[in-house]
Amino acid sequence: MSSFCNRAGLRIRIQLRGNTHLRGVAMWEEKEILITVKTYPHPQPQVKEVVCTAGIDRNGEWIRLFPIPFRYLDNYKKYKKYQWISVTTKRATDHRKESFTPRLDTLKIISDVADWDDKCKIVLSTIVYKSMDELQMARKQTGISLCTFKPSTIDDITCKKGDIDWNPKQREIMRQQFLGEEIKKIEKIPYEFRYKFTCIDKDCKGHEVLITDWELGALYLKVKANFSEEDTVRLIKQKFLGDLCSPKRDTYFYLGTTIRHPQNWIVLGVFSPPKQQQPTLFNA
């Protein structure tokens, strides 16, 4: 009897290790993720700041890692876009199905994906939406909150003057959190940039979606140190519209929702591989 109980207990322990969800309890498991999204940091209680990080795992599934105080990571853990990382995760408590909580002490950078063909094989293996109506329907039916999106046309980037500083609650969070600790200033970007685009919906009247990509914020801070506000805005539009959305590129958006406004999509990043050269009479 004792021997049977021991064997039964061993089987149960093995099954527990294999289950990442048991009766609603999230279990820790290691994941490998290709990082495709990093958003501009925001003040956040208890974790100093947050950077929305997302990517695609080895099974071709979207994963959101939250929270990550990116600038406070050790340098050898500061991943870049299109690097494979490994990290131990469990399901997060927010309602978005792609959200996972990472154990930052386990985070490791594995390798880089530099070749455009290799990037495309991974990114475009996910479902690529082309219709905002279809995307909203999928969100309601399946809870999707991250995706790759292919706009029909990308018409402009709008720029609206925003707040020059964080709101009082965010400033208070920073004062409380950073008291007695090293302070890493988060400079507020005083503009809201939005892509204007159309999708394949028959009656599409156009969409205007906020951009939160870290690279846009970093470019703003870099350029404004040497240029006027007017020239800074112009150079950002040149990069994010003229370059990333040029006719020579096959441009996609990484779209995501926020926990407070799950019905609203934002542009978390841009994927813009060069268009494949079409064969001609001379090089076919």
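From Ile236, Ile173, grab the single residue that is surrounded by 12 or more Cβ atoms within 10 Å (Cβ to Cβ), under 29 Å from Lys119 (Cβ atoms) and either modelled with pLDDT of 95 or more or not basic (Lys, Arg) (or both).
The unique qualifying residue is Ile236.
Within the range 244-275, track down each residue that is in contact (Cβ under 8 Å) with a residue 60 or more places away in the chain and among the polar types (S, T, N, Q).
Thr251, Thr257, Gln263
Consider only pairs whose beta carbons are under 8 Å apart and that are at least six residues apart or on different chains; among these, list those whose first residue lies in the range 72-89 and is in a helix (DSSP H, G or I) and whose second residue is basic (Lys, Arg) and at pLDDT 95 or above.
Lys77/Lys108
So if I check each of Leu268, Leu221, which one is part of a helix (DSSP H, G or I) and either loosely packed, with under 12 Cβ neighbours inside 10 Å or among the hydrophobic types (A, V, I, L, M, F, W, C) (or both)?
Just one listed residue meets the conditions, Leu221.
Taking the range 226-252, which residues are within 14 Å of Pro190 (Cα to Cα) and either of a type in the set (Asp, Glu) or assigned to a loop (DSSP other than H, G, I, E, B) (or both)?
Scanning the range 226-252 gives Ser228, Glu229, Glu230.
Assuming Thr158 fulfils every condition listed in (1) surrounded by fewer than 19 Cβ atoms within 10 Å (Cβ to Cβ); (2) closer than 25 Å to Glu30 by Cβ; (3) among the hydroxyl-bearing types (Ser, Thr, Tyr) apart from one, which condition is it?
Against the list (1) surrounded by fewer than 19 Cβ atoms within 10 Å (Cβ to Cβ); (2) closer than 25 Å to Glu30 by Cβ; (3) among the hydroxyl-bearing types (Ser, Thr, Tyr), Thr158 comes up short only on (2).
Any idea which of Tyr129, Tyr82 is surrounded by 15 or more Cβ atoms within 10 Å (Cβ to Cβ), at positive phi and not small (Gly, Ala, Ser)?
Going through Tyr129, Tyr82 in turn, the sole match is Tyr82.
Taking the stated definitions as given, is Glu215 in contact with a Lys or Arg (Cβ under 7 Å, 6 or more places away or on another chain), modelled with pLDDT of 90 or more and closer than 26 Å to Thr36 by Cβ?
Criteria not met by Glu215.
Filter the range 58-71 down to the residues that are in contact with an Asp or Glu (Cβ under 6 Å, 6 or more places away or on another chain) and outside any strand (DSSP E or B), then identify the one that is farthest from Lys188 (Cα to Cα).
If we take residues in the range 58-71 being in contact with an Asp or Glu (Cβ under 6 Å, 6 or more places away or on another chain) and outside any strand (DSSP E or B), then Arg58 is farthest from Lys188 (Cα to Cα).
Listed residues Leu107, Leu135; which is more than 22 Å from Leu34 (Cα to Cα), surrounded by 14 or more Cβ atoms within 10 Å (Cβ to Cβ) and either modelled with pLDDT of 85 or more or aliphatic (A, V, I, L, M) (or both)?
Result of the check over Leu107, Leu135: Leu135.
Do we find that Gly55 is in contact (Cβ under 8 Å) with a residue 12 or more places away in the chain, out of contact with any Cys (no Cβ under 9 Å at 6 or more places or on another chain) and in a strand (DSSP E or B) in this structure?
Yes, satisfied.
The values are calculated or read from the model by the stated rules, or taken from the named source; none is laboratory data. Since this is a predicted model, take the numbers as computed values, not measurements. Here Cβ is always computed from backbone atoms with ideal geometry, including for glycine, and neighbour counts include all displayed protein chains.
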